[in-house]
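Accompanying notes for the structure given below.
The values are calculated or read from the model by the stated rules, or taken from the named source; none is laboratory data. Keep in mind it's a predicted model, so treat the numbers as computed, not measured. Reconstructed Cβ throughout: ideal geometry from the backbone, glycine too, with neighbour counts over all protein chains shown.
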Amino acid sequence: MEFSVNQIAQIIGGKVEGDGERMVDNLGKIEEGKAKTISFLSNDKYENYIYESDAAAIIVKNKFNPKKTIKPALIRVDDPYSAFTQLLEEYNKIMTYAKSGVEEPSFMGENSVVGEGHYRGAFSYIGHNVKIGKNVKIYPQAHIGDNVVIGDNTVIFQGVKIYPDSKIGSNCNIQAGSVIGSDGFGFAPQEDGTYKTIPQLGNVVLEDNVSIGANTTIDCATLGSTIIRKGAKIDNLVQIAHNVEIGENTVIASQAGISGSTKIGKNCVLAGQVGIVGHIDVADYTTISAKSGVSKSVRQSNTVISGTVGFEHKQYLKAATLFKRLPELHLQVQQLEKIVLNLPTEKKS
């Protein structure tokens, strides 16, 4: 698929300098400079590449003043990085939504309906009584259980498993290998030391504009719903347990784990390998640093939590500073102890 430099400039709101009729069929790094590609220059340390590039066009700052002759056309914008990001988003939409129709073999159960503009890949499975909106893309080997609802413009990538009764909003993106609605970790200890399985009868609800990374697992609720609120972005390899609630626009990085019935507020940031115990609340706008462990509720918004046993960030930094000085402080204590022990004792009269 090809676009002219002029067409691309219209998409990103830029002004063309040079041949606007050149055709572009790919995006690339400025240091590669291949023909018929488009790239961007936002960091001055990469400027030397622009003079050697064979690219069709390069997005630059409005104030960019070339020192030598440049072969590519220029598209001048206020912020080249943001403009190129916008272009990547548009390109991704075109490539993702280009597919349509039904590949065989695939299966769709009784009383299930799919909106117009959909795509169903080979070996995909759609159960009974499923309702799927417009322009939904279901890639090969995806499994969608009975009574699932999926909103418009959602993309379900290869090998995703969506358990029965799950509710998926519009404009969601679920990457390959993710599991939505599997049983929560519910086992009751018995007197003989064994465990009895507690049936998990609830479901999972993903609201609109939610993104789920590859191989992430979101467990169904024991009763009620595990809920991922609108705009939340969840990375690869994240575990979200039963009856958890993730607030609007919260982002969670890879390998984080959230235990059952915990509620995370809106616009929170959970860095990689964060662990959170069950049955607590985390206030809005909380940031939890990588590898932190959170064992009690965070009540105050805009808090930053750090540490394996997480506590308030400023306290953690003070403790970390002292920790580095422990050998020195220990030596000082030993020296003071010798002095104290050698002090003359006062004789009793």
* Name the pairs: first residue in region 260-281 and under 13 Å from I305 (Cβ atoms), second residue of a type in the set (F, W, Y), Cβ to Cβ under 8 Å, at least 6 apart or on different chains? -> G265/Y285; C268/Y285
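Go through region 186-195 residue by residue and tally those that are assigned to a loop (DSSP other than H, G, I, E, B) and either free of Cβ contacts under 8 Å to residues at least 40 places away in the same chain or exposed (fewer than 15 other Cβ atoms within 10 Å of the Cβ) (or both). Explain how you work it out, then say what you get.
Residues of region 186-195 assigned to a loop (DSSP other than H, G, I, E, B): 186, 190-194.
Still in the running and either free of Cβ contacts under 8 Å to residues at least 40 places away in the same chain or exposed (fewer than 15 other Cβ atoms within 10 Å of the Cβ) (or both): 190-194.
The total comes to 5.
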* Kindly provide the set of residues from region 196-240 that are over 16 Å from G145 (Cβ atoms), in contact with a strand residue (DSSP E or B) (Cβ under 7 Å, 6 or more places away or on another chain), part of a loop (DSSP other than H, G, I, E, B) and not polar (S, T, N, Q), ordered by number. => I198, E207, V210, G213, R229, A232, D235, V238
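Among the residues in region 80-93, are any in a loop (DSSP other than H, G, I, E, B), over 20 Å from E21 (Cβ atoms) and at pLDDT 95 or above? Give the steps one after another, and end with the answer.
Step one: of region 80-93, the residues in a loop (DSSP other than H, G, I, E, B) are none.
Within region 80-93 (the criterion being in a loop (DSSP other than H, G, I, E, B), over 20 Å from E21 (Cβ atoms) and at pLDDT 95 or above), the answer is no, since none of the residues qualifies.
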* Just checking, how many residues over region 91-110 are surrounded by 14 or more Cβ atoms within 10 Å (Cβ to Cβ) and touching a residue at least 60 places away in the same chain (Cβ under 8 Å)? -> 1
* Go through (1) assigned to a loop (DSSP other than H, G, I, E, B); (2) in contact with a Ser or Thr (Cβ under 6 Å, 6 or more places away or on another chain); (3) not acidic (D, E) one by one and return the number of the condition G177 breaks. => (2)
* Structure fact -> Counted residues in region 141-162 being assigned to a loop (DSSP other than H, G, I, E, B) and surrounded by fewer than 23 Cβ atoms within 10 Å (Cβ to Cβ) come to 10
* Structure fact -> Given the conditions (1) touching a residue at least 40 places away in the same chain (Cβ under 8 Å); (2) in contact with a Pro (Cβ under 7 Å, 6 or more places away or on another chain), every one holds for S124 apart from (1)
